[in-house]
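J.: The structure's right below; bear with me while I get my questions together.
The values are calculated or read from the model by the stated rules, or taken from the named source; none is laboratory data. This is a predicted model, so every value here is computed, not measured. Please note: Cβ atoms are built from the backbone with ideal geometry, for glycine as well, and neighbour counts cover all protein chains shown.
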Amino acid sequence: MSTAIQSDLRPSATNPKSVMKVSAEPGQYLTFMLAGDVFAIGILGIKEIIEYSNLTVVPMMPPYIRGVINLRGAVVPVMDLLVRFGAEPSQVTKRTGIIIMEAEAGSGHQVIGVVVDAVNAVLDIASSDIEPPPAFGAKIRTDFMQGLGKVNGRFVILLNVNHMLSIDEVAAFTEADTAALAAGVEAAST
């Protein structure tokens, strides 16, 4: 799965025609599925998409932090968005993936992964097709939402990455913590 998803974002030596063109233009969103609903996040903060693999559980983390992964030597916390939204944890299937993204964290940036049921596609959504978050009736907190995008007559929930990831709450992963965890994650992956 990792290769198939990554080929959507990067040129593939074996099949360059199958590559989906992705640029950093405003209005481009990566769509994905969570519990049967379609969500989207702006592609500017997305670093990569990887296959769901074994996570190292870290004691005393909030319930929505599923664990950490070793991503090329860096310890990256992985969040279960469904738990963050107040629902039951995501079920891991063959299509489950982790979107690795970078969000603002105080004076710097934090790399974090989010578990999704399936990655769909990159879509262009014009700002004129984006409505503000609804005041009521949403399945998730409105501060987690950037708005509702209209795509082919349907609404896609556009997520506000910096609010949704709640970097202040994930601040347990400071540089000192990640250095201390790195040895444990590396040992667990061998």
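J.: Would you say Ile43 is touching a residue at least 24 places away in the same chain (Cβ under 8 Å), over 30 Å from Lys150 (Cβ atoms), touching a strand residue (DSSP E or B) at 6+ places or on another chain (Cβ under 7 Å) and surrounded by 19 or more Cβ atoms within 10 Å (Cβ to Cβ)?
T.: no
J.: Any idea how many residues of the stretch 72-113 are among the charged types (D, E, K, R), in contact with a helix residue (DSSP H, G or I) (Cβ under 8 Å, 6 or more places away or on another chain) and crowded, with 18+ Cβ neighbours inside 10 Å?
T.: The number of residues fulfilling the criteria is 1.
Rundown of residues vs (1) at pLDDT below 85; (2) assigned to a loop (DSSP other than H, G, I, E, B); (3) more than 13 Å from the chain's Cα centre (by Cα), yes/no style:
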| position | (1), (2), (3) |
| --- | --- |
| Val68 | no, no, yes |
| Pro77 | no, no, no |
| Leu82 | no, no, no |
| Ala87 | no, yes, yes |
| Val92 | no, yes, yes |
| Phe136 | yes, yes, yes |
| Asp143 | yes, no, yes |
| Gly149 | no, no, yes |
| Leu158 | no, no, no |
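J.: Next question. Output the number of residues of the stretch 48-64 satisfying the condition of being in a strand (DSSP E or B), of a type outside the set (A, V, I, L, M, F, W, C) and within 16 Å of Asp117 (Cβ to Cβ).
T.: 1
J.: Report yes if some residue within the stretch 99-119 is closer than 15 Å to His163 by Cα, in contact with a His (Cβ under 8 Å, 6 or more places away or on another chain) and modelled with pLDDT under 90; otherwise report no.
T.: Among the residues of the stretch 99-119, at least one is closer than 15 Å to His163 by Cα, in contact with a His (Cβ under 8 Å, 6 or more places away or on another chain) and modelled with pLDDT under 90, which makes the answer yes.
J.: What is the number of the single condition among (1) in a strand (DSSP E or B); (2) within 20 Å of Phe39 (Cα to Cα); (3) free of Cβ contacts under 8 Å to residues at least 60 places away in the same chain that Met101 does not meet?
T.: The number of the failed condition is (3).
J.: Does Glu48 count as surrounded by fewer than 15 Cβ atoms within 10 Å (Cβ to Cβ) and of a type in the set (Asp, Glu)?
T.: Considered against the rule, which asks whether it is surrounded by fewer than 15 Cβ atoms within 10 Å (Cβ to Cβ) and of a type in the set (Asp, Glu), Glu48 comes out as no.
J.: Take Gly73 and decide whether it is at pLDDT 90 or above, at positive phi and small (Gly, Ala, Ser).
T.: no
J.: Would you call Asn162 of a type outside the set (Val, Ile, Thr) and assigned to a helix (DSSP H, G or I)?
T.: For Asn162, the condition - of a type outside the set (Val, Ile, Thr) and assigned to a helix (DSSP H, G or I) - is met.
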